[in-house]
Amino acid sequence: MSTTEPSTHPPGPTSWAEVHSSAEFRELRRRLRVFVFPMTAGFLSWYLLYVLLADYAHGFMSVKVVGNINVGLVLGLLQFVSTFAITGLYVRYADRKLDPLADKIREEVEGEAR
Amino acid sequence: MNTLAQSLEGGNPALNITIFGLFVAGTMVIVFRASRNTKTASDYYAAGRAFTGPQNGIAISGDYLSAASFLGIAGAIAVYGYDGFLYSIGFLVAWLVALLLVAELLRNTGKFTMGDVLAFRMRQRPVRAAAATSTMAVSFFYLLAQMAGAGGLVSLLLGIEGEAGQSIVIAVVGAVMIVYVLVGGMKGTTWVQIIKAGLLIAGTAVMTVWVLGRFGLNLSSLLGAAVDSSAGGDSLLNPGAKYGASETSKLDFLSLGIALVLGTAGLPHVLMRFYTVPTAKDARRSVVWAIALIGLFYLFTLVLGYGAAALVGADTIKNAPGSSNAAAPLLAQELGGPLLLGFIAAVAFATILAVVAGLTITASASFAHDVYANVIKKGKVDSKNDEVRVARITACVIGAVAIVGGILAKDQNVAFLVALAFAVAASANLPTLLYSLFWKRFNTRGALWSMYGGLTLTIVLIVFSPAVSGSESAMVPDADFAWFPLSNPGLVSIPASFFLGWLGTVLSKEHLEDKHREMEVRSLTGAGSEKAVAH
C-alpha cells in the first residue's frame with residue numbers, strides 16, 4: 001500500500017520526468033490521443049446531430065421506413081450500433097497498440113526498484 | 001379502464017412482499033459472508049480491488065440501471081412515446097466518455113475516490129473538500145430519485161395509500177440498505193448489485209420476449225398497437241410529444257441530451273467502481289461488459305415502454321397510483337398476472353436497494369477519506385480502522401437522510417430527478433476530471449472554480465427553473481419565482497463550468513507541470529498504481 005501523498009519519485013533510479021520525455025512514453029501518449037480524441041469528437045458530434053434532428057426535424061424523423069418503423073427509430077437504434085462498434089474498435093486498438101507499450105514502460109519503471 | 005388500476009391495488013401484496021423478502025434474505029447471507037474478509041480501508045472502500053472485469057461490469061450495470069431507468073424510462077416511453085427514448089440513448093452513449101477518456105486513467109491514478117485523482121496534482125485540502133462537496137450533492141439528488149421511486153412503488157404494489165404506511169416501508173428499505181453497507185462494505189454492496197443486475201436483466205428479457213411474442217415477434221405491429229390504443233395516435237412514434245411544444249421546450253430537450261451524455265463519467269458512484277478491479281485493463285473490460293448489458297437493457301425498455309402503451313394504455317398508466325412510473329409493473333400484471341407482477345415488483349425494490357447502497361458507500365467514502373482523513377486530520381489518521389469507522393457512521397447518517405428525503409420526494413418523475421443529478425455531475429465533476437487528466441497547465445484554482453462554480457450554477461438554475469416553481473407540474477406549484485426558462489440547466493452550466501476551470505487556471509500563478517508529468521506517466525502506464533489485496 002502506498003501513502004496518501006503520492007511519491008514524487010518512481011521506485012527505480014530514473015525520475016518521472018525522464019520517463020515522461022522518453023521516446024517510448026511519447027509514442028504511447030501519441031497512440032492514445034490519436035485514437036481517443038478524434039473518436040470522442042466523432043461520437044459526440046453524431047449524438048448531437050441525432051438530438052438536434054429529434055428536436056428540430058420532426059417531419060424528417062417521422063417518415064416511415066418499414067411498416068410503423070420511422071427514421072427516428074432507425075437513427076436511435078443506429079446510436080446503439082455505433083456505441084457497440086466504437087467499444088469493439090477501442091478494445092482491439094488498446095490490446096494491440098497500447099497495452100504492450102504501457103506494460104513495457106511500467107515494467108521498466110517498477111522493475112528497477114527490485 | 002380503471003378496473004386494472006384498482007385490481008392492481010388489490011393485487012397480492014403478500015406475494016410481492018414474500019418475493020422481495022426472499023431477495024433480502026438471500027443477499028443478506030452473501031453480505032455477511034463477504035464481511036469476513038473486510039478488514040482494511042482498501043477492503044471496505046474497494047473490495048480489496050479483487051473483482052474481475054466481467055464481475056465489475058455486471059456490478060456497474062447493477063449500480064447504473066436504477067429505478068429511474070427501469071420504471072422512469074419505460075413509463076416515459078409509454079406515455080410520451082419517442083421522447084422517452086432519448087433518455088436511453090443518452091444514458092448509453094455516455095459510457096463511451098467513460099471508456100475512452102476516464103476509466104483506465106482514473107484507475108491508475110486514484111485510490112478510493114474522485115478526490116484522489118484531483119489531489120494528485122493540486123493542493124490536497126481545498127480540492128478534496130470541493131470534490132467531497134460535489135460528490136455529496138450528486139449522491140443527494142440521485143438518492144432522492146431512488147427513494148421517490150420507492151415511495152411510488154409502495155403505493156402501487158402494496159395498495160398503501162396512507163402517509164404512515166408508505167413512510168414505514170421506505171424506512172424499512174433504508175434500514176436494509178444501511179445493513180448492507182455497514183456489514184458488507186464495497187464487497188457486499190458489489191455482490192448485491194451483481195445479483196440485482198442478473199434478476200433485472202433476466203426479468204426484463206422475459207417480459208420483452210413475451211411482449212414481442214404477443215405481436216408475432218414483429219416490432220412494427222407492436223408499434224401499431226401502441227398507436228391504436230393511444231389518444232395521440234401516430235405522435236407516439238414521432239419525436240416532440242413531450243418536448244416539441246415550444247422553442248423553450250426544444251432547448252430543454254437539447255439541454256437534457258447534453259447533460260445525460262456528459263454526466264455518466266462524472267457520477268461518483270460509477271467512478272468509485274473502477275477502483276474495485278486490480279488493473280486498468282480490468283477497468284476497461286468492466287466498461288465493455290457494462291456497455292453490453294446496459295445497451296441490451298435499454299433495448300428491452302423500448303419494447304416494454306411501447307408494450308405498456310399497447311397492452312395497458314397510456315390513460316390507465318397516467319391514472320394509476322405512481323403515474324408513469326407504474327407502466328412497467330402494470331405491464332407485468334397484464335402479461336403474467338400476480339406472480340410476474342410480484343417478481344417485477346421485487347426486482348424494482350431490489351434495484352432501488354442496490355443503487356441506494358452504492359450511492360451511500362460512495363458518499364460515505366468521500367466524506368471519510370477526503371474530508372475526515374485528509375482535510376480534518378490532514379492525512380494523519382491514527383489507523384485506517386479509524387477512517388472506516390467514520391465511513392460507517394457517515395453511512396448511517398446518509399441512510400437517515402435518504403429515508404426522510406424519500407418520504408418527502410414522492411410523486412416526482414424519477415427519470416427527471418436523475419437527470420438533475422446528471423446535470424450536477426456533468427457540470428461539477430467532469431470538467432475538472434478531464435482537465436486534470438489531460439491539461440498540464442491545470443491547477444488548484446481552476447479546479448475549485450470549476451467544481452464550486454459548476455455546482456452552484458447548476459443548483460441556482462434548478463431552483464429558479466420551472467421545475468421548482470411557476471408551473472403546474474412544479475415542486476412548489478403555488479409560488480412563482482422562476483426566471484430561468486429551462487428545467488434542465490446543463491446547456492448553460494456545463495460550458496460555464498469548463499470556462500471557469502480555464503479562467504481560474506490562467507488567473508493563478510501556480511504551476512504544477514512537474515506533478516503533471518508524474519501523473520501522466522502513472523495514468524497511462526499504471527506504474528505505481530494501487531494493487532489488489534491478496535486474501
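The values are calculated or read from the model by the stated rules, or taken from the named source; none is laboratory data. Everything numeric in this text was worked out from a predicted model, so none of it was measured. Using ideal geometry, Cβ is built from the backbone for each residue, glycine included, and neighbour counts are taken over all protein chains shown.
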Scanning the range A:39-87 residue by residue, the ones that are at negative phi, facing chain B (nearest Cβ under 7 Å) and small (Gly, Ala, Ser) total 4
Working carefully through the options B:305, B:263, find the one that is under 30 Å from residue B:54 (Cβ atoms), within 14 Å of another protein chain (Cβ to nearest Cβ), assigned to a helix (DSSP H, G or I) and more than 16 Å from the chain's Cα centre (by Cα). B:305
Only one of (1) part of a helix (DSSP H, G or I); (2) on the phi > 0 side of the Ramachandran plot; (3) aliphatic (A, V, I, L, M) does not apply to residue B:217, and that is (1)
Condition first: without any contact (Cβ under 8 Å) to a residue 12 or more places away in the chain and among the hydrophobic types (A, V, I, L, M, F, W, C). Now tell me which residues in the range B:216-241 satisfy that. B:217, B:227
If I filter the range A:78-102 down to residues being aliphatic (A, V, I, L, M) and surrounded by fewer than 15 Cβ atoms within 10 Å (Cβ to Cβ), which single residue comes out as nearest to the chain's Cα centre (by Cα)? A:89
Report whether or not residue B:130 is modelled with pLDDT under 90 and either part of a helix (DSSP H, G or I) or hydroxyl-bearing (Ser, Thr, Tyr) (or both). no
Given (1) at pLDDT below 80; (2) farther than 18 Å from residue B:341 by Cα, index of the condition residue B:4 fails: (2)
Among what's in the range B:187-203 and is of a type in the set (A, V, I, L, M) and touching a residue at least 40 places away in the same chain (Cβ under 8 Å), pick the residue that is nearest to residue B:39 (Cα to Cα). B:192
Checking residue A:106 against (1) at the interface with chain B (Cβ under 7 Å from one of its Cβ atoms); (2) exposed (fewer than 13 other Cβ atoms within 10 Å of the Cβ); (3) basic (Lys, Arg): exactly one of these is not met. Which one? (2)
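Out of all the residues in the range B:354-369, is one or more surrounded by fewer than 23 Cβ atoms within 10 Å (Cβ to Cβ) and more than 20 Å from the chain's Cα centre (by Cα)? Lay out the reasoning, then the answer.
In the first step, residues of the range B:354-369 are kept if they are surrounded by fewer than 23 Cβ atoms within 10 Å (Cβ to Cβ); the result is none.
No, the range B:354-369 contains no residue that is surrounded by fewer than 23 Cβ atoms within 10 Å (Cβ to Cβ) and more than 20 Å from the chain's Cα centre (by Cα).
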For the range B:83-100, which positions are more than 7 Å from chain A (Cβ to nearest Cβ) and in contact with a Lys or Arg (Cβ under 9 Å, 6 or more places away or on another chain)? B:83, B:84
Hey, residue B:533 hits all of (1) within 14 Å of chain A (Cβ to nearest Cβ); (2) modelled with pLDDT of 90 or more; (3) touching a Gly at 6+ places or on another chain (Cβ under 6 Å) but one; which does it fall short on? (2)
Residues of the range A:23-34 being out of contact with any helix residue (DSSP H, G or I) (no Cβ under 8 Å at 6 or more places or on another chain) and at the interface with chain B (Cβ under 9 Å from one of its Cβ atoms), in sequence order, are A:33
So which of B:327, B:310, B:332 ends up being over 27 Å from residue B:96 (Cβ atoms), among the hydrophobic types (A, V, I, L, M, F, W, C) and within 14 Å of chain A (Cβ to nearest Cβ)? B:310
I'm told residue B:509 meets every condition in (1) without any contact (Cβ under 8 Å) to a residue 60 or more places away in the chain; (2) buried (at least 18 other Cβ atoms within 10 Å of the Cβ); (3) out of contact with any Phe, Trp or Tyr (no Cβ under 7 Å at 6 or more places or on another chain); (4) assigned to a loop (DSSP other than H, G, I, E, B) except one. Can you identify the failing condition by its number? (2)
Against the condition of a type in the set (Val, Ile, Thr), buried (at least 18 other Cβ atoms within 10 Å of the Cβ) and at the interface with chain A (Cβ under 9 Å from one of its Cβ atoms), how does residue B:227 come out, does it pass? yes
Out of the range A:80-95, which residues are among the β-branched types (Val, Ile, Thr) and without any contact (Cβ under 8 Å) to a residue 40 or more places away in the chain? A:81, A:87, A:91
Search result, residues across the range B:330-345 that are at pLDDT 85 or above and either within 12 Å of residue B:67 (Cα to Cα) or not in a helix (DSSP H, G or I) (or both): B:344
Does residue B:528 meet the test of being under 28 Å from residue B:275 (Cβ atoms), touching a Phe, Trp or Tyr at 6+ places or on another chain (Cβ under 7 Å) and of a type in the set (Gly, Ala, Ser)? no
Out of B:474, B:527, I need the residue that is out of contact with any helix residue (DSSP H, G or I) (no Cβ under 7 Å at 6 or more places or on another chain) and part of a loop (DSSP other than H, G, I, E, B). Which one? B:474
